[in-house]
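Working notes for the structure below.
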Amino acid sequence: MTQTTDKNRVLIFDTTLRDGEQSPGATMTHAEKLEIAALLDEMGVDIIEAGFPIASEGDFKAVSEIAKNSVNSVICGLARAQLPDIDRCWEAVKHAAQPRIHTFIGTSPLHRAIPNLSQDEMAERIHETVTHARNLCDNVQWSPMDATRTEWDYLARVVEIAIKAGASTINIPDTVGYTAPVESAELIRRLIAEVPGADEVIFATHCHNDLGMATANSLAAVAGGARQIECTINGLGERAGNTALEEVVMALKVRHDIMPWHTNVDTTKIMNISRRVATVSGFPVQFNKAVVGKNAFAHESGIHQDGMLKNVETFEIMRPEDVGLTESNLVMGKHSGRAALRDKLKHLGFEVGENQLKDVFVRFKELADRKKEVYDDDIVALMRAGEDPE
Ligand code: KIV
Ligand code: ZN
């Protein structure tokens with residue numbers, strides 16, 4: 001489903017298999033791509049950008065196969081603004097129950113200089129290629145690459161041309177992660193307000209994370225009127241990556257009070273797909289990554305652990321179950337306090353009195369000073385060492 005009458009519904013367009021896989025060293029095998037596509041489809045992602053069919057025989061096969069296997073999601077392929085690219089893309093996506101062609105061209109002065117096209121020549125190319133795509137497929141997305149560094153007048157002009165030629169989604173890429181949240185919101189708002197026909201299409205936001213602002217820029221674009229966010233699992237993508245799916249989806253869920261928009265993503269499936277993407281791409285998730293990092297639900301300091309034991313909301317704004325974890329993790333280390341040790345001992349099956357707790361706590365702290373993390377086995381060993389040999 002891509003069109004919706006619910007004005008607060010935000011479509012999630014996942015490009016892990018296209019922009020994510022373009023990340024140097026993140027290449028996935030055919031079987032891995034099929035597995036990730038199936039997980040995305042199952043978790044309620046609206047549109048899956050499955051690849052760039054003209055790029056290689058392998059990409060073409062992967063997109064075709066993903067299209068054949070798709071159940072709920074729209075399957076999209078990428079094509080440059082060239083007729084053979086668009087034809088090849090259609091050959092791959094046409095097997096899907098809901099196919100989409102996504103065609104793009106770089107519209108900023110720097111990008112226009114590469115094919116050496118004048119503004120008029122590029123405008124003509126956009127008209128020709130979007131019309132061609134639309135003759136093949138009912139669902140066409142068009143992107144002016146480097147939109148955020150394109151002159152306003154020219155951007156408004158080419159967006160209007162693409163809409164008139166039949167694009168139903170207009171994606172506004174911040175290709176080099178240059179924009180800032182206030183600009184991101186204003187650009188979408190102005191396009192919707194000033195471009196003729198803009199109220200007939202869905203505006204999408206596609207942000208890169210070069211300055212660490214991709215999530216903020218995507219959410220700001222939604223505030224400006226965008227209703228499709230383009231993103232990847234774990235923020236995988238070129239250079240510093242793309243907007244992370246898990247971040248925008250959880251931000252919309254947790255801060256629904258001030259951001260009244262919602263997605264169709266089953267958030268309980270986030271952790272599993274995050275781990276699978278990390279494994280198959282070979283890009284481990286940083287420990288302190290928002291939502292899916294190893295430490296996102298871990299607490300070590302005594303004050304935090306004590307607070308968590310009394311009321312989890314003291315130090316957690318999301319429930320671990322909401323992202324597919326069973327529980328938070330109280331990591332035992334030198335910052336841990338007595339309350340956490342007592343709780344850990346209880347979990348490990350040891351009921352201790354105050355005196356015994358005092359004794360084992362001293363030995364635990366000595367050990368914790370020598371080790372980064374004290375594991376359950378270490379604590380069991382401490383207890384055994386303190387047992388009366390009789
Ligand atoms: O970042 C970008 O501009 C892109 C386009 C192809 C949409 O990935
Ligand atoms: Zn991109």
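The values are calculated or read from the model by the stated rules, or taken from the named source; none is laboratory data. Values in this document were obtained by computation on a predicted structure and should not be read as measured data. Because the Cβ atoms are built from the backbone with ideal geometry, glycine has one as well, and the counts that use them run over all protein chains shown.
Brief remarks follow.
- Given (1) out of contact with any Gly (no Cβ under 9 Å at 6 or more places or on another chain); (2) surrounded by fewer than 18 Cβ atoms within 10 Å (Cβ to Cβ); (3) modelled with pLDDT of 95 or more; (4) within 30 Å of M43 (Cβ to Cβ), index of the condition L357 fails: (4)
- Pair list, Cβ under 9 Å, 6 or more apart: segment 126-154 residue on the phi > 0 side of the Ramachandran plot and of a type in the set (D, E, K, R), other residue assigned to a strand (DSSP E or B) and at pLDDT 95 or above: D146/G106; D146/P173; D146/D174
- Filtered by the rule that a residue be away from ligand 2 (no atom under 16 Å from the Cβ) and either more than 11 Å from R276 (Cα to Cα) or outside any helix (DSSP H, G or I) (or both), segment 21-39 gives G25, T27, M28, T29, H30, A31, L34, A37, A38.
- Candidates E230, E246 - the one that is within 16 Å of ligand 1 (Cβ to nearest atom) and either of a type outside the set (S, T, N, Q) or without any contact (Cβ under 8 Å) to a residue 40 or more places away in the chain (or both): E230
- Exactly one residue out of E49, E65, E21 is among the charged types (D, E, K, R) and more than 16 Å from ligand 1 (Cβ to nearest atom): that is E65.
- Residue count, segment 151-179 (criterion: within 15 Å of ligand 2 (Cβ to nearest atom) and either assigned to a loop (DSSP other than H, G, I, E, B) or at pLDDT below 95 (or both)): 5
- I188 vs. criteria in a helix (DSSP H, G or I) and touching a residue at least 12 places away in the same chain (Cβ under 8 Å): yes
- For segment 236-259, the set of residues classified as part of a loop (DSSP other than H, G, I, E, B), under 15 Å from A221 (Cα atoms) and away from ligand 2 (no atom under 16 Å from the Cβ) consists of I258, M259, listed by residue number.
- Condition met for V291 (free of Cβ contacts under 8 Å to residues at least 60 places away in the same chain and within 24 Å of the chain's Cα centre (by Cα)): yes
- Of the residues making up segment 47-71, those that are assigned to a loop (DSSP other than H, G, I, E, B) and surrounded by fewer than 24 Cβ atoms within 10 Å (Cβ to Cβ) are I54, A55, S56, S70, V71.
- Check on G212, more than 13 Å from ligand 2 (Cβ to nearest atom), at pLDDT 95 or above, within 26 Å of the chain's Cα centre (by Cα) and surrounded by fewer than 20 Cβ atoms within 10 Å (Cβ to Cβ): yes
- Conditions (1) under 19 Å from F203 (Cβ atoms); (2) touching a Phe, Trp or Tyr at 6+ places or on another chain (Cβ under 7 Å): number failed by A26: (1)
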